[in-house]
Amino acid sequence: MRTVSAIDQHRERSGQSKQETFERLLRDSYSQAFHLALRLSGRRSDAEDLVQESYIRAFRFFHRYDPSLPFTNWLYRIMTNAHIDEVRRSGKLRVSSLDEVHPETGSTWDVPDESWSAEKLLLSEEFEAELQEGLKKMTPEFRIAVLLADLEGMSYEEVAEIMRTSIGTVRSRIHRGRKQLRTFLVDARPDKYKAEML
Amino acid sequence: MNCRYTRSRISAYIDRELTPSDAEKVRVHLAECDSCSDECRLTLDIRDGISNLKSVDTGPMFEQRLLAAVREAGELGKEKRMGWSMALVPAAAIAAAFLIFSLLRQTDTEPEPVYSGQPGTPQANPLARDQAFDQARNPFSGGTTVSFEGPAGR
């Protein structure tokens, strides 16, 4: 028996091909998706890769998309999964290269990350730059929850739907994420934030 | 209501994600506790700071690059599917050739009828076979058997 997905029915009604429907949705959403990807990854090149990877995955599984729901919510679910995959992949490399104790000197590696400096976002406000740095240091699941809620203005229920978890877990992740961010800001700039925040 | 309880709910409170009764409890405590009230304000600052992070322009070619990547992925998907189809064609041709060859070989080597050799059947007894043959040719013969053998006991 042949099952017709919701997107097939939608395409039949609109008279558009799968490619045309997807490209229209891409054009409508890619700027917003890039905005989130940039804050998730912290680097323009990483954000571009993340957005591209997310749209390619979305296209492959487009038959599973339910057009009665917002496309961006569905895309963000794909994007956050892709982001966590990427963090897990690259995280191992970063930890082993920078945080390991040097076998000869006994000190930790102190190598300036030139690629990061070169591509670091030129945020106009100092606070924005510090926030972005703090976001980068956060636990990925906390960062995703905080950004979906604060940057995208989503309710906890929507965040829970995207992250496929309970509202209680989302509440905890947002709370702990903001706490991590606050701690980072105080540690990074105690002169500026200590008096204000603690 | 204590500070620990309140602080664990400050984020949900400022996001309006608490039940009305919980929100009221937090509100009452914040009105009484300067420390928790400060934490609430600072959490609000962080939330607003993130909300107000500026959008960064993607650049003029990004949309085209994305579309090209998606189209390429679509083409690759088609090629993969085509690849499977194309791989099936020679497999099907080989299977068909094998079938035809087997059928032809079977026709060429059609075995001779094998007599069952069961006693009482015409095939088992050549004489009975001949009688059956004669009867078929001359149904009125009444089964007369011509024998070159003399009477028994002679």
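The values are calculated or read from the model by the stated rules, or taken from the named source; none is laboratory data. Only a predicted model underlies this, so the values are computations on that prediction, with no experimental measurement involved. Glycine gets a Cβ as well: all are built from the backbone with ideal geometry, and neighbour counts include every protein chain shown.
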Does at least one position in segment A:43-61 carry a residue that is touching a residue at least 60 places away in the same chain (Cβ under 8 Å), buried (at least 18 other Cβ atoms within 10 Å of the Cβ) and within 12 Å of chain B (Cβ to nearest Cβ)?
yes
Within segment A:67-86, can you find the residues that are hydrophobic (A, V, I, L, M, F, W, C) and in a helix (DSSP H, G or I)?
A:71, A:74, A:75, A:78, A:79, A:82, A:84
Which one is surrounded by the most Cβ atoms within 10 Å (Cβ to Cβ), of the residues in segment A:131-142 that are of a type outside the set (Phe, Trp, Tyr) and more than 10 Å from every other protein chain (Cβ to nearest Cβ)?
A:138
If I ask for residues that are part of a helix (DSSP H, G or I), in contact (Cβ under 8 Å) with a residue 60 or more places away in the chain and within 11 Å of another protein chain (Cβ to nearest Cβ), which ones from segment A:143-152 would you list?
A:143, A:147, A:148, A:151
Can you give me the number of residues within segment A:155-166 that are under 18 Å from residue B:9 (Cα atoms) and either in contact with a His (Cβ under 8 Å, 6 or more places away or on another chain) or surrounded by 16 or more Cβ atoms within 10 Å (Cβ to Cβ) (or both)?
3
Condition broken by residue B:97, with the remaining ones in (1) assigned to a helix (DSSP H, G or I); (2) among the hydrophobic types (A, V, I, L, M, F, W, C); (3) modelled with pLDDT of 85 or more satisfied:
(3)
Take residue A:26 and decide whether it is closer than 17 Å to residue B:61 by Cα and either part of a helix (DSSP H, G or I) or more than 10 Å from every other protein chain (Cβ to nearest Cβ) (or both).
yes
Answer yes or no: is there a residue in segment B:12-26 that is farther than 22 Å from residue A:157 by Cα, modelled with pLDDT under 95 and not small (Gly, Ala, Ser).
yes
Subset of segment B:2-39 [surrounded by 12 or more Cβ atoms within 10 Å (Cβ to Cβ) and either touching a Phe, Trp or Tyr at 6+ places or on another chain (Cβ under 7 Å) or not in a helix (DSSP H, G or I) (or both)]
B:8, B:9, B:15, B:17, B:18, B:23, B:26, B:33
